[in-house]
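These notes concern the structure reproduced below.
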Amino acid sequence: MTIFLGMDDTDNLESRGTGRLARAVAKAIDEHYPVSGVTRHQLYVHADIPFTSHNSCAVLHIESDEPSVVPEVFDIAEEMMLEDFIEGSDPGLCAAHASAITPALQAYGWDAKVTVLTQERARTLAKNHGIALKGLGGTEDGVIGSLAGLGLASTGNDGRLLMKGTIRDHTGPQDAQVLLAAGIDEIWSLDGQRVTDGTIFTQTGKSVKANMVGGRVVLMVEACDGGWTALKRH
């Protein structure tokens, strides 16, 4: 089973991003409980929603069968977020065991991708589910996205991997087998070919961007001369 820990709106235009902070928090939590990955979830981009650059949140996937672990990992994340608070940010933090996540929370996550939501709805939903949700400064608007991240991550069908296995250690062109051993579960082309060998090309100095699909870590590619070009999808 998994504990999902969501973070949102922890940065400003000049600071490190939420993804970097999420990876740092994941490293700290992994000293106590295994973190299987960190995902990025794209939320609604609209003029009525204040956001730093792309309006995305980050979710840590922490492996534990015990719901009692939630307060401990929440406290670790809260302490690190407060220590690294960025002026002008409006951070929110949320955590829940998978057993506490219902279709209503998943529906909230999908809504956050297509419509403007409010803190009131987020806080009411979290309260009714007994889910830990907290604003950590500024307007606290980050509670909206951090809760949405939990709903989306729990579906296994949303999110791009910010951290998984050793994927980030492999930059530039890589053999497909190397990526499959590093943490990618499957590689597929847009026209439906399953890729198990050949060279996967990506931007120099950058790692490939895989996504969660059906609970699997999937990298989408496109055929090119001499191999495959890795695609970046929301």
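Things worth noting here:
- Among the residues of segment 74-97, the one identified as in contact with a His (Cβ under 8 Å, 6 or more places away or on another chain) and under 17 Å from A153 (Cα atoms) is A96.
Each row is one residue, and each column tells you yes or no for (1) among the polar types (S, T, N, Q); (2) in contact (Cβ under 8 Å) with a residue 12 or more places away in the chain; (3) on the phi > 0 side of the Ramachandran plot.
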residue: L133; (1), (2), (3): no, yes, no
residue: G138; (1), (2), (3): no, yes, yes
residue: G149; (1), (2), (3): no, yes, no
residue: L152; (1), (2), (3): no, yes, no
residue: L180; (1), (2), (3): no, yes, no
residue: T196; (1), (2), (3): yes, yes, no
residue: S207; (1), (2), (3): yes, yes, no
residue: V213; (1), (2), (3): no, yes, no
residue: A223; (1), (2), (3): no, yes, no
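- Among residues of segment 175-216, those that are crowded, with 18+ Cβ neighbours inside 10 Å, in a strand (DSSP E or B) and in contact with a helix residue (DSSP H, G or I) (Cβ under 8 Å, 6 or more places away or on another chain), counted: 4
- Residues of segment 154-174 that are surrounded by fewer than 16 Cβ atoms within 10 Å (Cβ to Cβ) and farther than 25 Å from G227 by Cβ: G156, N157.
- Of residues in segment 203-222 being out of contact with any Leu (no Cβ under 8 Å at 6 or more places or on another chain) and modelled with pLDDT of 95 or more, the one nearest to S154 (Cα to Cα): G215
- Check on N55, over 18 Å from G159 (Cα atoms) and modelled with pLDDT under 95: no
- Residue match in segment 29-52 (condition: open to solvent by 70 Å² or more (accessible area, probe 1.4 Å), at pLDDT 90 or above, of a type in the set (D, E, K, R) and out of contact with any strand residue (DSSP E or B) (no Cβ under 7 Å at 6 or more places or on another chain)): yes
- Of all the residues in segment 217-228, those that are touching a strand residue (DSSP E or B) at 6+ places or on another chain (Cβ under 8 Å) and surrounded by fewer than 19 Cβ atoms within 10 Å (Cβ to Cβ) number 6.
The values are calculated or read from the model by the stated rules, or taken from the named source; none is laboratory data. What you see is a predicted model; the values in this text were computed from it and never measured. We place every Cβ from the backbone using ideal geometry, glycine too, and count neighbours over all the protein chains shown. To get the accessible areas, we keep the full protein, side chains included, count just its heavy atoms, and leave off ligands, DNA and RNA. Shrake-Rupley method; radii C 1.70, N 1.55, O 1.52, S 1.80 Å.
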